[in-house]
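The values are calculated or read from the model by the stated rules, or taken from the named source; none is laboratory data. Being a predicted model, the structure only gives us computed values, none of them experimental. Cβ placement follows ideal geometry from the backbone for every residue including glycine, while neighbour counts extend to all protein chains displayed.
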Amino acid sequence: MDQKVCEPIGKKNISTDTRDHILAEARKHFCEKGFEGASLRIICDGAKVNVSAIKYHFGGKEGLYRECFKIYGESRLNSASKILTKANSLEELKLRIKLFCEDFIKEGLENMHTTKMICREIEIENPLIEDIFQETFLKIYTTLAEMFEDAKNKNLIRKDLDVMIVTAAFFHNLTTSLRVNHVGQKYFDRSLHDPVYSELFINNIIVIFFDGIKNQE
């Protein structure tokens, strides 16, 4: 295939970051318009590439859309798998949860377009990304649940808890905090983009959460 199809418009040499430029524009545009409403021409205009570059790098619109989720999902799963390992004490469990919160919020804010896309697509159960969801985002969820289950078996947290409910409550808190961050910033001058407030938020979540689930015996 003629490699000129992936050159940025107006440049003779193939750009090594053409693919990243396309993905960056795609995330913004897909976030705003959704898959059906998105225009490849607008994405390419923003990335300053020829429309044929989409086919060259991603195979088409569907491939581009899926890649937006796949890259982020694999990155988040890789990070979560390193953080959410089995803990041998309550303090270690708290530390791992705190590290997970910090990573979740940091990456969520830095990739807000993808974060919004994920929330929307999960809600409508879009079959276009169902396999990616199961192989990445859902595995993050189950990895956290498995860590809680292990902690429960070690008597680090209460025996009467259903770990799937605990996991759901925890995930809901984190994802909601990202989705409504703009509300707190607008009306209360509190934003997770502020490192001081972000640390305060995470520390408070840890205290509230673990006061409820830790073994009281």
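Taking every residue in the range 191-204 that is modelled with pLDDT of 95 or more and pairing it with any residue that is charged (D, E, K, R) and not in a helix (DSSP H, G or I), at least 6 positions away or on another chain, the pairs with Cβ-Cβ distances below 7 Å are 197/190. For the range 66-78, the criterion of a residue being part of a helix (DSSP H, G or I), under 11 Å from the mean Cα position of the chain (by Cα), among the hydroxyl-bearing types (Ser, Thr, Tyr) and at negative phi is satisfied by at least one position. Here residue 164 fulfils each of the conditions (1) closer than 20 Å to residue 211 by Cβ; (2) in a helix (DSSP H, G or I) apart from (1). Evaluating residue 83 against the criteria (1) touching a residue at least 40 places away in the same chain (Cβ under 8 Å); (2) surrounded by 17 or more Cβ atoms within 10 Å (Cβ to Cβ); (3) within 30 Å of residue 151 (Cα to Cα) leaves one unmet condition, (1). For the range 52-65, state whether one or more residues are over 14 Å from the mean Cα position of the chain (by Cα), crowded, with 19+ Cβ neighbours inside 10 Å, under 13 Å from residue 27 (Cβ atoms) and in contact (Cβ under 8 Å) with a residue 60 or more places away in the chain. Yes: one or more hits.
For residue 156, state whether it is in contact with a strand residue (DSSP E or B) (Cβ under 8 Å, 6 or more places away or on another chain) and not small (Gly, Ala, Ser). Give the steps one after another, and end with the answer.
Working: in contact with a strand residue (DSSP E or B) (Cβ under 8 Å, 6 or more places away or on another chain): yes; not small (Gly, Ala, Ser): yes.
Criteria met by residue 156.
In a helix (DSSP H, G or I) and either β-branched (Val, Ile, Thr) or surrounded by 15 or more Cβ atoms within 10 Å (Cβ to Cβ) (or both): is that true of residue 128 in this structure? Spelling it out, it is not the case that residue 128 is in a helix (DSSP H, G or I) and either β-branched (Val, Ile, Thr) or surrounded by 15 or more Cβ atoms within 10 Å (Cβ to Cβ) (or both).
If only residues of the range 177-217 that are of a type in the set (Val, Ile, Thr) and either outside any helix (DSSP H, G or I) or within 16 Å of residue 101 (Cβ to Cβ) (or both) are counted, the one that is nearest to the chain's Cα centre (by Cα) is 180. Among the residues of the range 93-118, which ones are in a loop (DSSP other than H, G, I, E, B) and either more than 9 Å from the chain's Cα centre (by Cα) or over 19 Å from residue 20 (Cβ atoms) (or both)? Correct list: empty.
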